[in-house]
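Below: the structure, in structure tokens.
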Amino acid sequence: MSNVILITGASRGIGAATARLAAQRGYAVVVNYRQQAEAADALVNEISRMGGSALAVKADVASEAEVSHLFAAIDERFGRLDVLVNNAGILEQQMRLEAMSLERWQRVFATNVFGSFLCSREAVKRMSTRAGGRGGAIVNVSSIAARLGAPEEYVDYAAAKGAVDSMTVGLAKELAADGIRVNAVRPGVIDTEIHASGGEPGRVARVAGHIPLGRGGLAEEVADAILWLAGDQASYTTGTLLDISGGR
Ligand code: NAD
């Protein structure tokens, strides 16, 4: 049976690119989505046409009940889980701190931080060698905002991704004895819809001049790094925060 990978927020962007590449590399893929059922179904059909195995499951990763349902669906269809990619994330409009509401911080932390916690907790129950599992890997999708701070723009998002980084380092140590490696990628500015839908349309072009490699990144370039961290080639890598940022 193929290794099974769950990618949260996989109906588009970095998540969808990771799902495609994972299927090409022989994983059975669980495509989690929150709203975009059509896009998730289209991705599952695309993977099936390639001869791969995929399942779309709707769940808001910030909801404990929906995450429980997501993992029950994986148990039922595949009966195992080898890799969790905590990719689902949101970025809200650029704003200075004085204008930010508590609700905004709660929304940003709910998906980016609490969602990663809830999914990791369920994954560990299934992967841990101490609980009879085969071990596995967790890859968190953080951001270089965690390091740069995103002043006057998204300090809430930067703080949330900083929490993801701390969780990555801490869980890597905690879960080593469970046979689970935990790492994160920290993308720079990647050309996806997150900028148009929540952040700032045109951001990729605006910041390209500040990126040493001279351009925004592609979702596929992040997907490649995620799958390297997930796979056996990274067998001695845990607790690593890997910048995929064009040198920014
Ligand atoms: P995107 O907006 O295209 O994809 C994010 C996906 O997550 C969407 O499909 C969205 O529906 C889903 N999602 C959001 N909240 C969810 C929830 N509560 N439950 C389930 N799914 C949810 O953006 P992307 O650029 O592909 O972002 C993927 C990840 O990469 C995010 O964690 C983001 O913070 C991170 N990231 C992106 C960039 C960038 O420049 N694009 C940079 C650094 C980090």
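Some notes on this structure:
Per-residue answers, yes or no, for (1) closer than 25 Å to Met95 by Cβ; (2) more than 17 Å from the chain's Cα centre (by Cα); (3) free of Cβ contacts under 8 Å to residues at least 40 places away in the same chain; (4) within 15 Å of the ligand (Cβ to nearest atom):
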{"residue": "Tyr157", "(1), (2), (3), (4)": "yes, no, no, yes"}
{"residue": "Glu174", "(1), (2), (3), (4)": "no, yes, yes, no"}
{"residue": "Arg181", "(1), (2), (3), (4)": "no, no, no, no"}
{"residue": "Arg203", "(1), (2), (3), (4)": "yes, yes, yes, yes"}
{"residue": "Arg215", "(1), (2), (3), (4)": "no, yes, yes, yes"}
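- Verdict on Ile211 being surrounded by 22 or more Cβ atoms within 10 Å (Cβ to Cβ) and either of a type in the set (A, V, I, L, M, F, W, C) or farther than 27 Å from Gln24 by Cβ (or both): no
So that you can scan it fast, the table gives a plain yes or no per residue for (1) over 14 Å from the mean Cα position of the chain (by Cα); (2) free of Cβ contacts under 8 Å to residues at least 60 places away in the same chain:
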| residue | (1), (2) |
| --- | --- |
| Arg206 | yes, yes |
| Pro212 | yes, yes |
| Glu220 | no, no |
| Ala225 | no, yes |
| Tyr236 | yes, yes |
| Arg248 | yes, no |
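- Applying the condition of being within 16 Å of Ala223 (Cβ to Cβ) and basic (Lys, Arg) to segment 1-56 and asking which residue is nearest to the ligand (Cβ to nearest atom) yields Arg12.
- Residue check for Ile190: within 10 Å of the ligand (Cβ to nearest atom) and either at negative phi or not small (Gly, Ala, Ser) (or both): yes
- Considering each residue of segment 34-47 in turn, none proves to be touching a residue at least 40 places away in the same chain (Cβ under 8 Å), of a type outside the set (S, T, N, Q), open to solvent by less than 30 Å² (accessible area, probe 1.4 Å) and under 26 Å from Asp191 (Cα atoms).
- Residue within segment 68-84 that is closer than 23 Å to Ser143 by Cα and buried (at least 16 other Cβ atoms within 10 Å of the Cβ) present: yes
- All positions within segment 125-145 that are open to solvent by 30 Å² or more (accessible area, probe 1.4 Å) and not in a loop (DSSP other than H, G, I, E, B): Lys125, Arg126, Thr129, Arg130, Ala131
The values are calculated or read from the model by the stated rules, or taken from the named source; none is laboratory data. Note that the structure is a prediction, hence the values are computed from the model and not measured. Because the Cβ atoms are built from the backbone with ideal geometry, glycine has one as well, and the counts that use them run over all protein chains shown. These area figures cover heavy atoms from the full protein model, side chains too; ligands, DNA and RNA do not enter into them. Shrake-Rupley method; radii C 1.70, N 1.55, O 1.52, S 1.80 Å.
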